[in-house]
Amino acid sequence: MAEARCAVHEPRVEKLETGHEKEIIEKDIFLAWRRLLVRRFFRTRNLLRNGMWPTSLWNLGVLVLILSVCMLWKSKLTQPLHARLWQFAVFIHIPKDVPDVLTAVFVSNEQPKTQSVSTLMWAVLVRIVSGYSPTLYSCQQSLPRMPVPSLKDTLNRLLDSLKPLYGEDTEEWNKLVQEAAKFEKTTGPKLQSILVLKSWWSQNFVTDWWEKYVYCMSRSPLPINSNYYIMDQSYWTPSPLQTARTASVIHQFLKFRQLCDREQLEPLVLRKTIPICMAQYEKMFSTTSIKAYSCLQEGYYYRMDVFDQTCKLMTPCMIEKQLQKIINDADLHQAAKCIPVLTGIERTTWSNIRSQHFCDGINKESLDVIEKAIFFVSLDTKINKDLSSRGKGLLHNDGKSLWFDKSINIVGFPDGRFGLNTEHSFADAPAVAHLVEFNLTKEILDCFNQKHQRYWRALEPSFTDKGHCTPQENEPPIPKSLQPSRLIWDVNPNLEKHILSALDTVSKNIDDLDLCIRDHDSYGKGFMKTCKVSPDAYIQMALQITYYKNAGKFALTYEASMTRLYLQGRTETVRSLTTDSVKAFLDKSESKETKINLLRKACEFHQGLYRDAMNGRGCDRHLFALYVVSKGMGYDSDFLKKALTIPWTLSTSQQPQQQIVSSPDCNHPQYRHMLCPGGGFGPVSDDGYGVSYMIPGDSKVFFHVSAKKSAPGTSATKFMDQLFETLAEMREIFVTENEFLPNRDFRKNLVLKIFKI
C-alpha cells in the first residue's frame with residue numbers, strides 16, 4: 001500500500017531502450033498507419049463481398065458468362081431465355097450502346113421477389129449461390145427483421161402457460177383472465193401500434209431494449225446472478241502445465257479474434273443451409289484498438305503485450321514465457337489483492353466507489369488498462385478435484401480473482417485445465433461456446449494428428465512431449481519494451497474499507513451457492529430418439545417431473561431459445577410446463593401405454609413451443625417490449641407488471657456441443673473423455689433451480705444444477721439425484737420386451753452401430 005501511494009506522485013514514464021526517441025516515434029507512427037490501412041482494406045473488401053451476398057465472385061462470374069452467351073447466341077435452345085433477357089434489358093431502360101456483359105451483370109444480381117417458393121427450393125438455391133466460403137457477416141443484411149406478434153396471440157400464449165399453475169375456475173385465474181381481456185381492449189392496442197412502428201425502422205424491435213434494461217441497467221451483482229461459465233474438456237487436458245495451456249488458449253482466442261476482425265470466420269448455419277445472425281461476435285472482445293490483455297497472478301495485476309514490434313501475433317511459446325515471468329515476479333511483491341471484488345457487488349455501489357477512487361491518478365490508469373484489454377486472464381492456484389468444484393471456480397472462484405465486468409475472463413488452473421467466466425450483456429452462451437470450441441477442436445486434432453481443416457492447416461502441434469508450447473523456427477527473443485509490467489494501485493484507508501465490505505458481501509453470496517455437476521452416462525440422445533421424441537423435449541419432461549418430486553408442486557419453467565434467424569436476434573423464452581404428463585408419470589396406477597402417450601404428446605407440444613419461439617412467435621419478449629413502451633408513454637399497467645414478475649422457479653438452458661463442422665464426432669469412443677461438459681449459471685429465482693445441460697452424443701448427457709443453500713427445501717445434489725432417478729424411470733417405461741433391448745444389450749448394439757459392424 002505504501003508503494004502504491006509513492007507511485008501516485010511519480011509519473012509512470014518508461015525510459016526508452018535506445019535513446020533514439022525521434023526514430024522510435026516515427027516508427028510508431030508508421031506502424032499505426034500500417035494497422036489503419038490493413039484494417040481499412042479488410043473492411044472495404046468485406047463490405048463489397050457482403051453487399052453481393054448471397055452470391056460469390058465465382059458464382060457471379062459464371063452467371064454473367066452464361067447469361068452473356070444466352071443474350072449473344074440466338075438458337076432454338078436459348079430462344080426463350082434470349083427473349084426474356086432482352087425484355088428485361090428494355091424494362092430497366094439499359095441503352096443499346098451499353099455492352100452486353102454489363103446487362104448480364106444486372107440480370108445475374110436480380111433477387112427473386114416472390115414469396116411463394118417452397119422452403120426446400122429456397123434452401124437449394126441458397127446452397128447453390130452462397131459459394132464455398134461465405135464471410136462472417138455476409139448474410140446480415142439479408143436476414144429478415146423479427147416480426148411483432150399479434151397482441152391476441154401473445155396474450156393467449158401467456159394464459160395457456162399460466163393455466164397449469166393457477167388451475168381453472170379459481171378466483172386468481174379468473175381475475176388474471178379478466179385483466180388480460182381488459183388490457184387487450186384498452187391500453188394494449190395503443191402500445192402495440194407504437195411497437196409495430198418501431199419494428200419498421202429498428203433492426204430488431206426488442207434487442208436494444210433487452211440489452212439496455214435487462215443487462216446494463218440491472219443493479220444486481222454480476223457473479224451468480226448474471227455471469228455464466230464455460231468449461232474445457234471433461235476428463236482430459238492436452239498439457240498439464242498451467243502457463244503452457246493458458247498461453248495456447250490465449251493464442252487461439254486471439255486467432256479467433258483476428259478471424260472475426262477480418263470477417264474470415266465461417267458463419268454458422270442451421271442444417272448446413274439456413275443462415276443465422278452473427279452480430280454478437282462484434283462485441284465478443286475489446287472494441288478499442290489495444291494490443292494488451294490483463295493478467296492476474298496471486299492478486300497482482302499485469303499488462304502484457306501479445307503482439308510483437310511488427311504488429312504480428314506472438315507465438316504460444318513466447319506467450320508462455322511471458323506468463324512464467326509474471327508468476328516469478330508475483331512471488332517477489334506484496335500488495336492489495338482484492339480490487340476485483342468490487343466488480344462483484346451491487347452495481348450502484350460499485351459505480352459510486354469507482355467515481356470516488358478510480359476517476360484520476362494511478363488508479364484510473366490501471367483501471368483503463370484492464371477495461372480496455374481484450375480479455376482478462378486469471379492464473380489460479382487451486383486444483384479442483386471434480387466437475388462441481390471446477391464449475392464453482394469458474395462461476396465465482398474466491399470472488400477476488402475475476403474481473404466480472406470484463407466480457408471474457410480466462411481462468412487457468414495449475415493442472416493445465418481452463419475455463420471462462422463470461423459477462424452476459426454482449427452475447428449469449430452459444431457465441432462464446434463457439435470460441436471455446438474453436439480452441440478445443442484444435443487441441444483434439446493435434447492430439448490425434450488428424451488433417452487440420454481450414455484455420456489450423458499450417459499450424460504445428462500445440463505442445464511438446466513435456467507439455468510446453470511448441471517453439472517455432474527462428475522465434476525472436478522478446479524485447480524488454482514488451483515485457484509484462486505490473487499495475488500499481490493506490491489503496492487508501494477509505495478504499496480499503498470499501499474493499500473489505502465488498503469482500504464480505506461477495507463471500508456470503510458465494511457461500512450461499514449450491515452447485516452440482518455430473519455426467520449421466522447410462523444413456524444419451526441415442527436412446528431418446530428411439531422413443532420417437534426430441535431429446536431436448538425428453539430432458540425437459542424429466543426436469544419437470546423431477547421438480548414436482550422435489551418441491552411437491554409445479555414450477556413456471558423457463559427454457560432459453562435463440563431468435564438468431566432474425567437480424568440482431570438474441571433469445572426467447574419457451575414456457576415448457578405441462579401437467580398431465582407429470583401427473584400421469586407419477587401415478588403408479590396408470591399404465592405404461594398411458595404414460596408413454598402423454599409424454600409423447602407433451603414432447604410434441606414442447607417442440608411446437610420451441611419452433612414458435614425460434615420463429616419470433618413467443619410471448620415473453622413481446623410482453624417485455626410492451627412494458628417498456630408503457631413506461632415510456634407514462635402508462636402504469638398492473639397486468640404487464642404481474643405477467644413479467646412471476647418468478648421462474650425452474651430456469652433451464654441447453655448448451656450447444658458442436659457448432660464447427662470440422663469438430664470430431666462426439667460419438668467416437670476415443671473422444672468421449674475429451675467432451676466439453678458445457679457451462680452453467682446461478683438460479684434465477686432464490687427459491688428455485690438453475691439447470692443447464694449438454695447433450696454431446698448418443699451415450700451421455702452433462703447436467704449443471706444450481707440452487708441457494710439459504711432457500712428452504714432446495715438442494716442441488718438432491719435435485720441431481722432425483723433427476724437421475726427420473727431418467728432411469730423414463731427409460732423403464734419406454735423399454736419393453738418387444739420393442740427394445742435391455743440396458744447392456746442396448747449399449748452393445750450402440751457400439752456396433754457406431755463402428756458399423
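Cross-link pairs exceeding 24 Å in C-alpha to C-alpha distance, out of Lys321/Lys382; Lys337/Lys382; Lys272/Lys601; Lys372/Lys708; Lys553/Lys700, comprise Lys272/Lys601; Lys372/Lys708; Lys553/Lys700. When Rg and Dmax are taken over the Cα atoms of the range 603-722, they come to 18.9, 61 Å.
Over the C-alpha atoms of the range 494-590, the Rg to Rh ratio, Rh being the Kirkwood estimate, stands at 1.15.
For the range 561-618, the Stokes-Einstein estimate of translational diffusion at 10 °C and a viscosity of 1.306 mPa s comes to 125 µm²/s, using the Kirkwood hydrodynamic radius over alpha-carbon pairs. Between Ala711 and Asp587, the distance separating the two model label sites (each 7 Å from Cα on the Cα→Cβ line) works out to 2.9 nm.
Can you give the FRET efficiency for Ser481 and Arg611, using 1/(1 + (r/R0)^6), R0 = 60 Å, r = Cβ-Cβ distance, to the nearest 0.05?
With a Förster radius of 60 Å, E is 0.60.
The order of Met528, Met304, going from fewest to most other C-beta atoms within 10 Å of their C-beta, is Met304, Met528.
Panel order for Trp210, Trp489, Trp201, by other beta carbons found within 10 Å of each beta carbon, from fewest to most: Trp201, Trp210, Trp489.
State to the nearest 20 debye the size of the charge dipole of the range 494-586 about its Cα centre, where the only charges are +1 on K and R beta carbons and -1 on D and E beta carbons.
480
In terms of overall dimensions, the range 221-509 has a Cα radius of gyration and Dmax of 18.8, 60 angstrom. Once backbone amide H atoms are built at 1.01 Å from N, Ile408 has Phe376, Glu423 as its partners under 5 Å, excluding neighbours fewer than 5 places away on the same chain.
Please state the Cα pair-distance histogram of the range 178-243 with 10 angstrom bins from zero: what percent is in each bin? For the range 178-243, the pair-distance distribution reads 15, 22, 23, 21, 9, 8, 2. For the range 532-548, 3J(HN,Hα) computed residue by residue from phi via the Karplus equation (6.51, -1.76, 1.60; θ = phi - 60°) reads 6, 9, 5, x, 5, 5, 4, 5, 4, 5, 4, 5, 5, 5, 5, 5, 5 Hz, glycine and proline entered as x.
Find out how many positive minus negative residues lie around Asn352, taking Lys and Arg as positive, Asp and Glu as negative, among other residues whose Cβ is under 14 Å from that of Asn352.
Working: positive: Arg219, Arg347, Arg354, Lys497; negative: Glu346.
Net local charge, Asn352 excluded: +3.
Evaluated with a Cβ-only charge set (Lys, Arg +1; Asp, Glu -1), the range 582-732 carries a dipole of roughly 140 debye about its Cα centre, given to the nearest 20.
Cβ crowding within 10 Å ranks His468, His668 as His668, His468, fewest other Cβ atoms first. For the range 311-398, taking Cα atoms only, Rg and Dmax work out to 16.2, 43 Å respectively.
Placing +1 on the Cβ of every Lys and Arg and -1 on the Cβ of every Asp and Glu, with nothing else charged, gives the range 336-438 a dipole about its Cα centre of roughly 280 debye.
Throughout, read-outs are computed from the coordinates displayed, never taken from laboratory work. Just so you know, these numbers come straight off a predicted model, no measurement behind them. Here the Cβ is made from the backbone with ideal geometry for all residues, glycine too, and neighbour counts use every protein chain on show.
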